[in-house]
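Engineer: Submitted below is the structure of interest, expressed as C-alpha cells.
The values are calculated or read from the model by the stated rules, or taken from the named source; none is laboratory data. Remember, predicted model here, so these are calculated numbers, not experimental data. Cβ: placed from backbone, ideal geometry, glycine included. Neighbour counts: every protein chain shown.
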Amino acid sequence: MAIKSNGLRGPAPSERPHPNERRNRQGIRIEPGSSGELQNRLATFSALVKHEPGVLSKVSGLFSRRQFNIESLTVGPTENENNARITLVVNENDTGIIQVKRQLAKLLPVIAVEELSRDAIERELCLIKIKNHFAQGDSLEELKELVDKNGIEILDIGDGMVTIEVRGGQRDIDDTIEMFDQFGIEEIARTGTVALERGSKKTT
C-alpha cells in the first residue's frame, strides 16, 4: 500500500475508483444515459391517531413545513371512540412517499400509518352547483337522463341553479366535473377521500 506525502496510507485520489453514476435531484444515484427523474404518483395513506384536540393541525402543519403535494386530507371518528382515522392522498415520487410515511409515524398522536393498496376502497363526495339550463320540458328530462346514467343525484333546482351530488373515487369525481363543465359550474365542494382496505385485510 502506498504512503502519501502527508503520511496517510492508501491510494491517491486519482487512483481511487469513481462510480460512473450521477445523482438526480432527489440525491439518488442513476445510471449514465438515464434522466433519473422519479415520476409522481397518487398515494393514499391511512393513519390511525389518538382522538384528541389539535391532531389535524399537527398533521397539516407537518406537511406544510415539508411542502408535500397534498391532494386531500380528511379526518373522522372510528369504531373506537378513542381513535380517529386520517386519510391522506399525496401526489409525490417514491422518495417523497417514503418520507410521508416516515414523517407521519414520528408524530406522537399517530398510532399506526400505512400506504393503502391500489385496490383499496376509496370514496369521495362532491357537491356541484351548475347554471340551470334545464328549467323545464325536454331540457329537464335531458338533465335527469344524464344524472341517472352516471349515478348522480339532483339535490336542488331553483333560482337559476341546479345542485347535484356525486359519489365515487377521485377519478369519478374529476370525470363528472369535466362532464358538467360545459354547462357552467358555479361552485364545487369536495369532502376529500376516505378509504379502507378490501376484505379482511386491516387498513392500519
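Engineer: Name the one entry in Asp172, Asp159 that is surrounded by fewer than 17 Cβ atoms within 10 Å (Cβ to Cβ) and over 28 Å from Glu52 (Cα atoms).
Structural biologist: Details: Asp172 fails: surrounded by fewer than 17 Cβ atoms within 10 Å (Cβ to Cβ).
Within the list Asp172, Asp159, the selection yields Asp159.
Engineer: Something else about it: Can you name the residue in the stretch 53-91 that is assigned to a strand (DSSP E or B) and in contact with a His (Cβ under 7 Å, 6 or more places away or on another chain) and, of all such residues, is nearest to Ala189 (Cα to Cα)?
Structural biologist: Residue satisfying both the conditions and the ranking: Pro77.
Engineer: Check the stretch 100-107 and report whether any residue there is assigned to a helix (DSSP H, G or I), of a type in the set (Val, Ile, Thr), in the same structural domain as Phe63 (by TED's automatic domain parsing) and under 30 Å from Arg41 (Cβ atoms).
Structural biologist: Scanning the stretch 100-107 turns up at least one residue that is assigned to a helix (DSSP H, G or I), of a type in the set (Val, Ile, Thr), in the same structural domain as Phe63 (by TED's automatic domain parsing) and under 30 Å from Arg41 (Cβ atoms).
Engineer: When you check Arg167 against the structure, is it touching a helix residue (DSSP H, G or I) at 6+ places or on another chain (Cβ under 8 Å), of a type outside the set (A, V, I, L, M) and not assigned by TED's automatic domain parsing to the domain that holds Ser60, yes or no?
Structural biologist: The answer is no for Arg167.
Engineer: Quick check on Arg190: is it free of Cβ contacts under 8 Å to residues at least 24 places away in the same chain and either closer than 28 Å to Leu62 by Cα or among the polar types (S, T, N, Q) (or both)?
Structural biologist: Working: free of Cβ contacts under 8 Å to residues at least 24 places away in the same chain: no; either closer than 28 Å to Leu62 by Cα or among the polar types (S, T, N, Q) (or both): yes.
When the stated conditions are applied, Arg190 does not pass them.
Engineer: Then there's this: Assess whether Glu114 counts as being among the charged types (D, E, K, R), touching a Ser or Thr at 6+ places or on another chain (Cβ under 7 Å), in contact (Cβ under 8 Å) with a residue 60 or more places away in the chain and surrounded by 14 or more Cβ atoms within 10 Å (Cβ to Cβ).
Structural biologist: For Glu114, the condition - among the charged types (D, E, K, R), touching a Ser or Thr at 6+ places or on another chain (Cβ under 7 Å), in contact (Cβ under 8 Å) with a residue 60 or more places away in the chain and surrounded by 14 or more Cβ atoms within 10 Å (Cβ to Cβ) - is met.
Engineer: So the check is Cβ under 6 Å with 6+ separation or different chains; which pairs have a first residue in the stretch 73-102 that's within 12 Å of His51 (Cα to Cα) and a second one that's charged (D, E, K, R) and not in a helix (DSSP H, G or I)?
Structural biologist: Thr78/Arg85
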